[in-house]
Amino acid sequence: MLVLGKAGTAGTEKRVLPVLRDDVVVATLQASSWKEAATAVVGNREWVLAKAKRELTGRWAADPEGTARLRARQTSFWRGTWEADLEGTPVQAEVVSRWKGGHRYRSGERVVAETGTTGGWSPRPTLTADESLPLDHQVYLLWLALVMSRRDEAATMAAVAGGAAAAGGS
């Protein structure tokens, strides 16, 4: 299982998130606080992860801008479903649990990965993946989990703010 560690821990720099497997750093992720964008380093390869129009894409840093080796887009806001293309492998994501969160990723009928969170006051995204899924793709799906959790958090805050404004205006 991959776990997105806390920034600046496990020997990483201040704003860099370690990607851990069994408490060992297998990749790093430097995510933007303001945009849906990040830089991931997996082995000796650097990935540029970003939002492009309505898709979340991933490309090698050496690839020309506008190309995408990895891509995902939300197909239903209400059901929380997504479609992804991992370098030619189509994957569909569905919500595991409305209460606990997380997504299950299927390629055809086979489950290839599932996201969740660690417990505690500041939960962090986790990913349990089939061994056949390359580490690069696992890190991308872990970044997607981070983006999805931030979106859910923003929607919750907007709903709370809207409720507070409605209550204060009466």
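Here, each number is a calculation from the coordinates, and none is a lab measurement. Since the model is a prediction, treat every value here as computed from it, not as a measurement. Don't worry about glycine lacking a Cβ; one is built from the backbone with ideal geometry, like all the others, and counts go over all protein chains shown.
List of remarks:
- Each Lys or Arg adds one and each Asp or Glu subtracts one; over the other residues with Cβ under 12 Å from the Cβ of R106, this totals -3.
- F77 paired with E13, simple spin-label distance in nm, labels 7 Å along Cα-to-beta-carbon: 3.6 nm
- Under Karplus coefficients 6.51, -1.76 and 1.60, residue-wise ³J(HN,Hα) of segment 98-112 in Hz, glycine/proline x: 5, 7, 9, x, x, 10, 10, 9, 10, 10, x, 8, 8, 7, 9
- Convex hull volume of the Cα atoms of segment 40-163, normalised per residue: 128 Å³.
- Selected from S97, S33, S122 as most flexible by GNM, with the chain as the system and alpha-carbon contacts under 10 Å: S122
- Angle between the chain longest axis and helix 135-168 axis [Cα atoms, degrees, rounded to 10]: 10 degrees
- Springs between Cα atoms under 10 Å define the GNM used for the chain, and in it the highest mean-square fluctuation of R71, R54, R15 occurs at R54.
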